[in-house]
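Asks: Pasting a structure below so you can have a look.
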2 protein chains.
Amino acid sequence: MPAKRIAVLSPIAWRTPPRQYGAWETVAGNIAEGLVARGWDVTLFATGDSVTAARLHAVVERGYEEDRSIDPKVAEYLHIAEVFEHATEFDLIHSHYDFMALAYSRLVKTPMVTTIHGFSSPRILPVYRKYHDGYFVSISNSDRLPGLNYVATVYNGIDLSLYPFQHRGGEDLVFLGRIHPDKGVHLAIEVAQLSGRRLVIAGIIQDSAYFEEQVKPHLDGAGISYIGPVDVAGKNELFARAYALLHLNTIPERFGLVLVEANAAGVPVIAMDAGSCREVIREQVTGFLVGGVGEAVRCLERVPQIERSACRQRVEQCFSVDTMVQQYERVYATVLEREAKKLE
Amino acid sequence: MPAKRIAVLSPIAWRTPPRQYGAWETVAGNIAEGLVARGWDVTLFATGDSVTAARLHAVVERGYEEDRSIDPKVAEYLHIAEVFEHATEFDLIHSHYDFMALAYSRLVKTPMVTTIHGFSSPRILPVYRKYHDGYFVSISNSDRLPGLNYVATVYNGIDLSLYPFQHRGGEDLVFLGRIHPDKGVHLAIEVAQLSGRRLVIAGIIQDSAYFEEQVKPHLDGAGISYIGPVDVAGKNELFARAYALLHLNTIPERFGLVLVEANAAGVPVIAMDAGSCREVIREQVTGFLVGGVGEAVRCLERVPQIERSACRQRVEQCFSVDTMVQQYERVYATVLEREAKKLE
């Protein structure tokens, strides 16, 4: 039997895989690489500067977040149209392109699976409601919209070779993520101040007013510092000096890729018990789930009780590219079976 | 032979027809009404609160410029997808939805004609270049992109009954249009100041910094006044007191619907000689084409030489809904013939 032909539709805000920030592109890229490794015939629809073992199909040269000369709306329409115009060349389309790709899905016969990386706003829900009978994958059990035709929850998987296990950590607290109130940078700062530990903050500034008002005033270059966005090497350097990763999200987390990356390196995580964190972090085994700043400070003392190897082990078992791709293979098989039945 | 079934895809920034501003929706609506009157089976894809003699197909209740709770991007995807999902029900789709509808056009067999109401930015041109072999209509000979498969230029037509001929005008200068530097409101103000005539400015404020800096300081409630956006009745009141309409656009005009509306009422127009103005205004017959403020001031003395009835007559001949719709019927016939030949 010839290899099944699959189109993976990545977002184009950033290169796939991203140089620094870009969780959706990271996951789309990991799936493409994992499928190639397992013998699928994969075409990755992504930016022209993407790096992949799959066949790359690109009509937009660079990510619109990386090249301001690109009009995001124009790029999106060109990029998404392209995969559907080539739909007959594929047995399946796997979309990571949010509600926009759904609006094309009924115009082709090729079935499409959509991984919902998060509902960015209640205003996009009408699109999901219209196309509720599509095939959907949630990235955590907690981030589901009732009424959608979910095939499975598939946790995001990371390339474990990028985040080698570090037997020993350091003494600093680390925040890694978008500088945005949703991610609770201000809460991480409070924890640092109350515990007397150093805090290193890394990530892109998505909300600059928030950064100016609630982050910058606390930066002193010693106790609390901001080092900008970091690439994989930069993350590993951070993990090397990390006592724990602080992830005190103020809204329900959808998945939390950075929790997995930290755990992979052996770094315990202190996360807010909101959304998917409880699915990603195993309480008292790979970190602690807390309800607020006070509890986070108290948990810091218990960090040495966490076995760093247990953190790594859990990622290997649950959040590797291989685990993820095997689960997606089951999703694809389910979808293709259901489609075949429709034709009977 | 049964009536041909046509889908008219209107924009959804405003209701069709718009309550006040909204040139694209006005034209789309006029075409739908005109086609119905001529026996076509017309489905108008527009906002739910639109008013039409055609069959209305709506998935977005109100224009996104009129209801800020609507996400324009979400509304656009839902609205545009809808017409293509119903494509088999139509012999032809007539799109007024800019580059976005083009990105769906190759996914259906129904031919689509796109009226290009203007190229809003060079950044949208890649979409037109990709779909250059579609069927295009320009709204003036001057607003064309080389390399596109143009079928014709069809001038916009207005419903003449909305703008009754007024035998006599008044003494004021009138500016009607978006408050935006492109429309040269500041130049109209200069003309008023130099000529000592009153100026009434009407239209939506699209560029509020421009309004604050270059319009508001000159408003004195007497000589130069701003009355906000106006509906059809408001336009007719303005035309009743108009000595001339000033339209000193600073970039090439694409068509200039307001020039036609003023002329229909018998109002002479002083327009910048840029873009389509030379196609709409007949020099010394329905107004004057000028190169700048000085020339505009000098032309004011010659306004009484313009016969108001000649202004009306030209609109009746060239810019009526009927003329426009007859020309579009020829466009549709051409497109359907070419499509039939493709199938031979």
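Asks: Restricting attention to segment B:111-129, which residues are more than 15 Å from A:ASP71 (Cα to Cα) and touching a residue at least 24 places away in the same chain (Cβ under 8 Å)?
Replies: Within segment B:111-129, B:PRO111, B:VAL113, B:THR115, B:ILE116, B:HIS117, B:GLY118 qualify.
Asks: How do the helices (runs of 4 or more DSSP H) wholly within segment A:269-336 filter down when requiring 1 or more residues that are open to solvent by 60 Å² or more (accessible area, probe 1.4 Å) and touching a residue at least 24 places away in the same chain (Cβ under 8 Å): which remain? Step through it out loud before you land on a result.
Replies: Numbers: elements: A:277-280, A:293-300, A:308-318.
Output list reads A:277-280, A:308-318.
Asks: So A:ALA32 ticks every box in (1) under 24 Å from A:VAL331 (Cα atoms); (2) of a type outside the set (S, T, N, Q); (3) touching a helix residue (DSSP H, G or I) at 6+ places or on another chain (Cβ under 9 Å) but one. Which box is left unticked?
Replies: All conditions pass for A:ALA32, except number (3).
Asks: Before we move on, is A:LEU35 surrounded by 23 or more Cβ atoms within 10 Å (Cβ to Cβ) and either in contact with a His (Cβ under 6 Å, 6 or more places away or on another chain) or more than 10 Å from every other protein chain (Cβ to nearest Cβ) (or both)?
Replies: Values: surrounded by 23 or more Cβ atoms within 10 Å (Cβ to Cβ): yes; either in contact with a His (Cβ under 6 Å, 6 or more places away or on another chain) or more than 10 Å from every other protein chain (Cβ to nearest Cβ) (or both): yes.
In short, yes.
Asks: Okay, moving on. Might you check whether a residue that is in contact with a Ser or Thr (Cβ under 7 Å, 6 or more places away or on another chain), in contact (Cβ under 8 Å) with a residue 60 or more places away in the chain, away from chain B (no Cβ under 14 Å) and not in a strand (DSSP E or B) occurs anywhere in segment A:160-173? First the steps, then the outcome.
Replies: From segment A:160-173, those in contact with a Ser or Thr (Cβ under 7 Å, 6 or more places away or on another chain) are A:160; that's our starting set.
Subset that is in contact (Cβ under 8 Å) with a residue 60 or more places away in the chain: A:160.
Within this subset, residues satisfying the condition of being away from chain B (no Cβ under 14 Å) are A:160.
Next, from what is left, pick out any that are not in a strand (DSSP E or B): A:160.
Yes: one or more hits.
Asks: Regarding segment A:49-72, can at least one residue be identified that is modelled with pLDDT under 95 and aliphatic (A, V, I, L, M)?
Replies: Yes: segment A:49-72 contains one or more residues that are modelled with pLDDT under 95 and aliphatic (A, V, I, L, M).
Asks: All but one of (1) more than 11 Å from chain B (Cβ to nearest Cβ); (2) in contact (Cβ under 8 Å) with a residue 40 or more places away in the chain; (3) in contact with a helix residue (DSSP H, G or I) (Cβ under 9 Å, 6 or more places away or on another chain); (4) not small (Gly, Ala, Ser) hold for A:GLU89; state the number of the condition that does not hold.
Replies: A:GLU89 satisfies every listed condition except (3).
Asks: Residues B:VAL191, B:VAL200: which one is on the phi < 0 side of the Ramachandran plot, touching a strand residue (DSSP E or B) at 6+ places or on another chain (Cβ under 7 Å), crowded, with 19+ Cβ neighbours inside 10 Å and outside any helix (DSSP H, G or I)? Break it down stepwise before answering.
Replies: On the way: B:VAL191 fails: outside any helix (DSSP H, G or I).
Within the list B:VAL191, B:VAL200, the selection yields B:VAL200.
Asks: For segment B:284-322, which positions are basic (Lys, Arg) and more than 26 Å from B:HIS186 (Cα to Cα)?
Replies: Start the filter on segment B:284-322 by keeping residues that are basic (Lys, Arg), which leaves B:298, B:302, B:308, B:312, B:314.
Passing the criteria: B:ARG308, B:ARG312, B:ARG314.
Asks: Sticking with this structure for a sec: State whether one or more residues within segment A:148-163 are of a type in the set (Asp, Glu), under 21 Å from A:ARG278 (Cα atoms) and surrounded by 14 or more Cβ atoms within 10 Å (Cβ to Cβ). Break it down stepwise before answering.
Replies: First pass over segment A:148-163, keeping only residues of a type in the set (Asp, Glu): A:159.
Narrowing further to those that are under 21 Å from A:ARG278 (Cα atoms): none.
Within segment A:148-163 (the criterion being of a type in the set (Asp, Glu), under 21 Å from A:ARG278 (Cα atoms) and surrounded by 14 or more Cβ atoms within 10 Å (Cβ to Cβ)), the answer is no, since none of the residues qualifies.
Asks: Another question about this same structure. Which residue out of A:GLY221, A:GLY266, A:GLY228 is in a loop (DSSP other than H, G, I, E, B), open to solvent by less than 30 Å² (accessible area, probe 1.4 Å), farther than 22 Å from A:VAL315 by Cβ and of a type in the set (Gly, Ala, Ser)?
Replies: Values: A:GLY221 fails: open to solvent by less than 30 Å² (accessible area, probe 1.4 Å); A:GLY266 fails: farther than 22 Å from A:VAL315 by Cβ.
Going through A:GLY221, A:GLY266, A:GLY228 in turn, just one is in a loop (DSSP other than H, G, I, E, B), open to solvent by less than 30 Å² (accessible area, probe 1.4 Å), farther than 22 Å from A:VAL315 by Cβ and of a type in the set (Gly, Ala, Ser): A:GLY228.
Asks: Being assigned to a helix (DSSP H, G or I) and among the charged types (D, E, K, R) is the filter; apply it to segment B:203-218 and report the residue that is nearest to B:ILE270 (Cα to Cα).
Replies: Applying the first criterion (assigned to a helix (DSSP H, G or I)) to segment B:203-218 yields B:208-218.
Retained after the next criterion (residues that are among the charged types (D, E, K, R)): B:212-213, B:216.
Numbers: B:GLU212: 25, B:GLU213: 24, B:LYS216: 23 Å.
Step by step, filter segment B:203-218, then rank; the result is B:LYS216.
Asks: Now a separate question. Could you list, in sequence order, all residues of segment B:105-128 that are surrounded by fewer than 16 Cβ atoms within 10 Å (Cβ to Cβ) and in a strand (DSSP E or B)?
Replies: Once the filter is applied, which keeps residues that are surrounded by fewer than 16 Cβ atoms within 10 Å (Cβ to Cβ) and in a strand (DSSP E or B), segment B:105-128 yields nothing.
Asks: Could you please find all residues in segment B:1-28 being open to solvent by less than 10 Å² (accessible area, probe 1.4 Å) and over 20 Å from B:PRO229 (Cα atoms)?
Replies: Residues satisfying the conditions are B:ILE6, B:ALA7, B:VAL8, B:LEU9, B:SER10, B:ALA28.
Asks: Separate question: Quick one: would you say B:TYR226 is more than 25 Å from B:PHE119 (Cβ to Cβ) and touching a Phe, Trp or Tyr at 6+ places or on another chain (Cβ under 9 Å)?
Replies: Details: more than 25 Å from B:PHE119 (Cβ to Cβ): yes; touching a Phe, Trp or Tyr at 6+ places or on another chain (Cβ under 9 Å): yes.
Considered against the rule, which asks whether it is more than 25 Å from B:PHE119 (Cβ to Cβ) and touching a Phe, Trp or Tyr at 6+ places or on another chain (Cβ under 9 Å), B:TYR226 comes out as yes.
Asks: Let me ask another. Go through (1) touching a residue at least 24 places away in the same chain (Cβ under 8 Å); (2) surrounded by fewer than 16 Cβ atoms within 10 Å (Cβ to Cβ); (3) among the basic types (Lys, Arg) one by one and return the number of the condition B:ARG254 breaks.
Replies: It fails just one condition, (2).
Asks: Identify the residue in segment A:54-80 that is in a loop (DSSP other than H, G, I, E, B) and touching a strand residue (DSSP E or B) at 6+ places or on another chain (Cβ under 8 Å) and, among all such residues, is nearest to the other protein chains (Cβ to nearest Cβ). Reasoning before the result, please.
Replies: Restricting attention to segment A:54-80, the residues satisfying the condition of being in a loop (DSSP other than H, G, I, E, B) are A:54, A:58-71.
This time we only want the ones that are touching a strand residue (DSSP E or B) at 6+ places or on another chain (Cβ under 8 Å), so: A:54, A:58.
Working: A:ALA54: 23, A:ALA58: 13 Å.
Per the criteria, the residue is A:ALA58.
Asks: What are the residues in segment A:102-111 that are within 13 Å of another protein chain (Cβ to nearest Cβ), under 21 Å from A:ARG338 (Cβ atoms) and of a type outside the set (D, E, K, R), if any?
Replies: Start the filter on segment A:102-111 by keeping residues that are within 13 Å of another protein chain (Cβ to nearest Cβ), which leaves A:102-110.
With under 21 Å from A:ARG338 (Cβ atoms) added as a condition, the list becomes A:102, A:104-110.
Hits for segment A:102-111 are A:LEU102, A:TYR104, A:SER105, A:LEU107, A:VAL108, A:THR110.
Asks: OK, next. Tell me which of these B:TYR135 doesn't satisfy, since it passes every other one: (1) open to solvent by less than 10 Å² (accessible area, probe 1.4 Å); (2) more than 9 Å from chain A (Cβ to nearest Cβ).
Replies: Result: B:TYR135 fails condition (1) only.
Asks: While we're here: Scan segment B:92-101 residue by residue and report those that are more than 8 Å from every other protein chain (Cβ to nearest Cβ) and assigned to a helix (DSSP H, G or I).
Replies: Here is the first cut: in segment B:92-101, the ones more than 8 Å from every other protein chain (Cβ to nearest Cβ) are B:92-98, B:101.
Across segment B:92-101, the qualifying residues are B:ASP98, B:ALA101.
Asks: Does segment B:113-132 hold any residues that are aliphatic (A, V, I, L, M) and away from every other protein chain (no Cβ under 13 Å), and which are they?
Replies: Taking segment B:113-132 first, the residues aliphatic (A, V, I, L, M) are B:113, B:116, B:124-125, B:127.
Correct list: B:VAL113, B:ILE116.
Asks: Restricting the first residue to segment A:70-84 and requiring it to be closer than 9 Å to B:VAL127 by Cβ, which pairs with a second residue that is among the charged types (D, E, K, R) and assigned to a helix (DSSP H, G or I) meet a Cβ separation below 8 Å and a spacing of at least six or different chains?
Replies: A:VAL74/B:ARG123; A:LEU78/B:LYS130
The values are calculated or read from the model by the stated rules, or taken from the named source; none is laboratory data. Keep in mind the model is a prediction, meaning the values are calculated, not measured. Ideal geometry is used to build each Cβ from the backbone, glycine not excepted, and the neighbour counts take in all protein chains shown. Each accessible area value is taken on the protein alone, full model and side chains, heavy atoms only, with ligands, DNA and RNA left out. Shrake-Rupley method; radii C 1.70, N 1.55, O 1.52, S 1.80 Å.
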